[in-house]
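**Student:** There's a structure below that I have some questions on.
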Amino acid sequence: MSGLVLNNVSKQFGTFTAVENVQLSVPHGTFVCMLGPSGCGKTTLLRMIAGLDDPTSGSILLDGQDITKVPTHKRNLGMVFQSLALFPHLTVGENIAYPLRIRGAAREDQKKRVDELLALIHLTGFGDRPVSKLSGGQRQRVAIARALALSPKLFLLDEPLSALDAKLREAMQVELRQLQQKLGITTIVVTHDQREAMTMADTVVVMNGGHIRQAASPIEIYRRPADTFVADFIGSTNLIETRANSSGVATVFGNPVPGFALPDGVQTATISVRPEDVHLTAPGNGAIDGTVTFVRDLGGTIETFVETGGKQIIAVSTPRERPDVVAGQAVGIVLSPEVCVVLKQ
Ligand code: ATP
């Protein structure tokens, strides 16, 4: 396959397993975000792809070639780390040209490529400016251009935007994604910011405890989370215990949800229901009975907390579809079968 393949890659530090049996295919030209809590192993995995750490077992293939034992500088990678590591005493142009100079590229070729890259990162005319006189976002773009100078096969970034303030980070996420699409370069970004992953990625790889919990498109991860960890980690959700009744219909807090059945042979399961999929109505008529405990109006959305069966369910609505309820009021909760996602145990 053209692109990157990780075959059963594991990494142990002494007796501690940081990454275990990771299997992943990244098709050529796609954008992957590795997402997970601190310590889940995402940086270790990226470092192995970069050749900065050796896997304890498993293999790494790039465009069909086994690169597991190939040194970093021969892997044809572009890398950007959180620290950026720009040379402060050099100009923007000199920073971008640096890898070309090390490779011995002719001066005219260096200049041509630097001009191309400056245009690509919207910094035409900045070539002679010292990097110390750039804004955070501009520095970020220079680091990206320098990493792309040698037209790498694979572009690796570790928390590249985390030092930027929230507004700039959001703008840079869009810019980075657009740049990647323009170049069609296979890109892997490590982040702990789910919004960042959802904005940029073709595939989000959610990791926890050294394992991949789910690798899928952002919307698939959100709408069809594989397990409780993914459901809870991405956005907010209601995790609800369900049980099959004698007619095979799944029940929630003892109430059957018409049309919703658990998989064959499964008697009990946890389901995920996103708050925007919880519909509130008048009590009765087969709805699940509950009592409103709190209403939080956040302007763009309204969150209604409802207690039922000793548990709290959160419903989110827009101001236009605002449920006209107050704390203490009895309500009915309606779940349609298609919003109930059965999670792996
Ligand atoms: P963060 O978001 O905090 O950077 P991460 O998901 O990138 O976390 P890693 O840096 O990959 O996590 O670390 C995974 C686990 O491996 C952690 O428990 C870490 O302490 C451990 N680890 C990483 N590098 C080493 C090392 N060189 N020696 C020993 N343990 C290590």
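**Student:** Looking at the stretch 13-65 only, could you name the residues that are among the hydroxyl-bearing types (Ser, Thr, Tyr) and within 15 Å of the ligand (Cβ to nearest atom)?
**Tutor:** Result: Thr15, Thr17, Ser38, Thr43, Thr44, Thr56.
**Student:** Looking at the stretch 243-257, is at least one residue in contact with a helix residue (DSSP H, G or I) (Cβ under 9 Å, 6 or more places away or on another chain), outside any loop (DSSP other than H, G, I, E, B) and among the small types (Gly, Ala, Ser)?
**Tutor:** The first filter runs over the stretch 243-257 and keeps only residues in contact with a helix residue (DSSP H, G or I) (Cβ under 9 Å, 6 or more places away or on another chain), leaving 250, 257.
Narrowing the set further to residues that are outside any loop (DSSP other than H, G, I, E, B) leaves 250.
Among the residues that remain, those that are also among the small types (Gly, Ala, Ser) are: 250.
Yes, because at least one residue in the stretch 243-257 is in contact with a helix residue (DSSP H, G or I) (Cβ under 9 Å, 6 or more places away or on another chain), outside any loop (DSSP other than H, G, I, E, B) and among the small types (Gly, Ala, Ser).
**Student:** Let me ask you something else. Could you tell me which of the residues Gly29, Gly41 is in the same structural domain as Ala143 (by TED's automatic domain parsing), closer than 24 Å to Ile221 by Cβ and buried (at least 21 other Cβ atoms within 10 Å of the Cβ)?
**Tutor:** Every option except Gly41 fails the conditions.
**Student:** Specify which of the listed residues (Val316, Val273) is under 30 Å from Ile212 (Cα atoms), in contact (Cβ under 8 Å) with a residue 60 or more places away in the chain and among the hydrophobic types (A, V, I, L, M, F, W, C).
**Tutor:** On inspection, the qualifying residue turns out to be Val273.
**Student:** Oh, and also: Take the conditions modelled with pLDDT of 90 or more, among the aliphatic types (A, V, I, L, M), under 30 Å from Gln12 (Cβ atoms) and assigned by TED's automatic domain parsing to the domain that holds Thr91 and apply them to Ala143. Does it pass?
**Tutor:** Working: modelled with pLDDT of 90 or more: yes; among the aliphatic types (A, V, I, L, M): yes; under 30 Å from Gln12 (Cβ atoms): no; assigned by TED's automatic domain parsing to the domain that holds Thr91: yes.
When the stated conditions are applied, Ala143 does not pass them.
**Student:** In the stretch 306-332, which residues are among the small types (Gly, Ala, Ser) and either open to solvent by less than 30 Å² (accessible area, probe 1.4 Å) or under 16 Å from Val273 (Cβ atoms) (or both)?
**Tutor:** Gly309, Ala315, Ser317, Gly332
**Student:** May I ask you to list the residues in the stretch 149-166 that are surrounded by fewer than 22 Cβ atoms within 10 Å (Cβ to Cβ) and more than 16 Å from the ligand (Cβ to nearest atom)?
**Tutor:** Leu150, Ser151, Pro152, Lys153, Leu164, Asp165, Ala166
**Student:** A further question on this structure: For residues in the stretch 172-201 being more than 26 Å from Gly41 (Cα to Cα) and in a helix (DSSP H, G or I), which is most open to solvent (accessible area, probe 1.4 Å)?
**Tutor:** The extreme case among them is Lys182.
**Student:** So, one more: Return yes when Arg101 is within 16 Å of the ligand (Cβ to nearest atom), out of contact with any Leu (no Cβ under 8 Å at 6 or more places or on another chain) and basic (Lys, Arg) and no when it is not.
**Tutor:** no
**Student:** Can you run down the residue pairs with Cβ atoms below 6 Å, 6 or more apart or on separate chains, where the first is in the stretch 26-42 and within 21 Å of Lys153 (Cβ to Cβ) and modelled with pLDDT of 95 or more and the partner is open to solvent by 10 Å² or more (accessible area, probe 1.4 Å) and assigned to a strand (DSSP E or B)?
**Tutor:** Val32/Thr203
**Student:** Mind listing just one residue for me: the one in the stretch 209-239 that is over 23 Å from Phe305 (Cα atoms) and among the acidic types (Asp, Glu) and, of those, surrounded by the most Cβ atoms within 10 Å (Cβ to Cβ)?
**Tutor:** Per the criteria, the residue is Asp227.
**Student:** Identify, from the list Thr203, Thr186, Thr199, Thr228, the residue that is more than 15 Å from the ligand (Cβ to nearest atom) and in contact with a His (Cβ under 9 Å, 6 or more places away or on another chain).
**Tutor:** Every option except Thr186 fails the conditions.
**Student:** Let me ask something additional. Residues being among the polar types (S, T, N, Q) and within 18 Å of Phe16 (Cβ to Cβ): count how many of those fall in the stretch 31-77.
**Tutor:** Going through the stretch 31-77, the residues among the polar types (S, T, N, Q) turn out to be 38, 43-44, 56-57, 59, 65, 68, 72, 76.
Next cut, within 18 Å of Phe16 (Cβ to Cβ) only: 38, 43-44, 56-57.
Number satisfying all stated conditions: 5.
The values are calculated or read from the model by the stated rules, or taken from the named source; none is laboratory data. In this text, all values refer to a predicted model and were calculated from it rather than measured experimentally. Glycine also receives a Cβ, built like all others from the backbone with ideal geometry; neighbour counts cover every protein chain displayed. Ligands, DNA and RNA are stripped out before the accessible areas are found, and what is left, the full protein with its side chains, is counted by its heavy atoms. Shrake-Rupley method; radii C 1.70, N 1.55, O 1.52, S 1.80 Å.
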